[in-house]
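Just below is one structure, and these are the notes that go with it.
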Amino acid sequence: MPGKPLVNLVFIGHVDHGKSTLVGRTLFESGVVSETVMKKLEEESAKVGKEHAKFAWVMDRLKDERESDQTTDVSYRFFETKTRAFTIIDAPGHRDFVKNMITGTSQADAAVLVVSAAPGQFEAGMKASAIDKSEIGGQTREHAALAFTMGIKQVIVAINKMDTVEYSQERYQEIKQAITSVLQRVGFSGIEHFLFIPIAAYYGENISKPSTKMPWYEGSTLLEALDTLQEAEKPVDISLRIPVQRTFNVPGIGLLPVGRVETGIIKVGDEVVISPSGARGRVKSMEIFHRALDKAETGDNIGISIKGLKKEDIWKGCVIGSVDNPPTVTKRFNGKIVVMEHPIGIRPGYRPVLFCHTEQAECCIEELVSKIDPKTGGTIVNHPDLLAKGDAGIITISTEKPIVIEKVNYMPRLSRFALRDMGTTVAVGMCTDIL
């Protein structure tokens, strides 16, 4: 990694659009996965009649993931291109695992939005989110909105499965136009600089070499596009914040919390505080992909051994911070939201589930403070009766348990949240005031 910018990259998109296959093929073409390993995966997948899944199995290692052909949890790998180093994050696409996708996306600097060109699959990913548990709503729109909410500004759109439409330029243009409109509507700017790449991940078309099947496309391959992504800003002058993604018990080390350094610097020997538990400890050791570290900074996904820490002191959703400026803990705050999907609109007393960085908590909408103009932020009406689909507003939220959340004008990455209910994201927003 020394000498190369480090980018945390998440692959997102609707279920069955080929995210895991694309990740596996990318790792294979970049040399991380050897011919020997690939041959073994091919044999293992063929034994159970799933040879089509050989590249997906590079990342989908869990037994139930391989049986269902679905990614259920976030998985990580490290790889390098000519000019960049990447922590690659493979996020679930299925509606039932969007909560894990939010965790993965909250840790990323950039995203590859994978969209299937296959007849019916693209349309399924674009349909309105489900409000009935018997349906599967389209995750293409939802994932794009969540990526924007979680602070991602760089997006590469991989239009996959071009082999299913005979590498049609017309189909590519149709999808590119539709996705451009979606990205604009959810808030992305500078879309004219986003790269759209027609690919066939399973066959390696436009991954590392230009495809001969699509001579009409003269743009970058996927690996060339990845080399254009920029490393995250490193606000080292802001206090330390590390949302905990998970914890492990490691023989010889003990409890090992894992997470991404969002702001600040952490060194071996530093005293840290765990919020909201309030526990304190001293950093004993750190590692990144099994390599020991003395210091980590913004963007690093690390494991940390903290002296004196007990299992009940730390869990997924906690935030490790500096003792002189600990993370903000609250059960009540104001947020600016945009309603994405709800059959009757959001009213006071509504109880969705809140997702913020790696945390999730049941919550209650106490008050609709105002309805606002989403473009100017100006107040349209104070204390409206409801906020309907497409409306923007300021609301007061209370959570069932203490959570860490920061104000948007102080730490944007830790201010953003999503409200989910009925298997879909009903609203996205950011914390404006701690109450």
message: Which entries of Lys54/Lys267; Lys19/Lys316; Lys161/Lys336 have Cα-Cα distances beyond 32 Å here?
response: Lys54/Lys267; Lys161/Lys336
- request: For Lys47 and Asp237, calculate 0.36 nm times their separation in residues minus their Cα-Cα distance, and state this gained length in nm to one decimal.
  value: 63.0 nm
field: Charge tally in the Cβ shell below 15 Å around Asp294, where Lys, Arg are +1 and Asp, Glu are -1, Asp294 excluded
entry: +1
field: Additional length obtainable on full extension of the chain from Met422 to Ser181, 0.36 nm per residue less Cα span
entry: 84.2 nm
- prompt: Which three lengths, in whole Å and largest first, does the chain cover when its Cα atoms are put on their principal axes?
  reply: 59, 55, 38
- prompt: When the chain is fully extended, how far beyond the present Cα-Cα distance does Ile344 get from His193, taking 0.36 nm per residue of separation?
  reply: 50.6 nm
- prompt: When the helix-only estimate is applied to the chain (DSSP H runs of n ≥ 4, each -39,500 (n - 2.57), divided by the residue count), what is the mean residue ellipticity at 222 nm, nearest 500 deg cm²/dmol?
  reply: -5500 deg cm²/dmol
- request: State the antiparallel share, in %, of DSSP beta bridges confined to the chain, rounding to the nearest 5.
  value: 80 percent
message: Around Asp433, under 12 Å between beta carbons, what's the net of Lys plus Arg minus Asp minus Glu among the other residues?
response: +2
statement: Most fluctuating of Cys318, Cys364, Cys356 in the GNM of the chain (C-alpha, under 10 Å) is Cys364
statement: Glu174 and Glu312 label points (each 7 Å along its Cα→Cβ direction) are spaced in nm at 6.0 nm
message: Using Cα-Cα distances under 8 Å and only pairs 6 or more residues apart, what relative contact order does the chain have, in percent?
response: 13 percent
query: Most fluctuating residue of Lys161, Lys47, Lys153 in a GNM of the chain with Cα springs under 10 Å: which is it?
result: Lys47
query: Peptides 31-38, 389-396, 246-253: what's the order by average Cβ count within 10 Å, highest mean first?
result: 389-396, 31-38, 246-253
- prompt: What is the spin-label model distance, in nm, from Asp385 to Asp227 if the labels are put 7 Å beyond Cα along the C-beta direction?
  reply: 6.0 nm
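Read-outs: derived from the displayed coordinates by stated rules, not from any lab. Keep in mind that this is a model prediction, so the values were computed, not measured. A quick note on method: Cβ atoms are made from the backbone with ideal geometry, for glycine too, and the neighbour counts reach across all protein chains shown.
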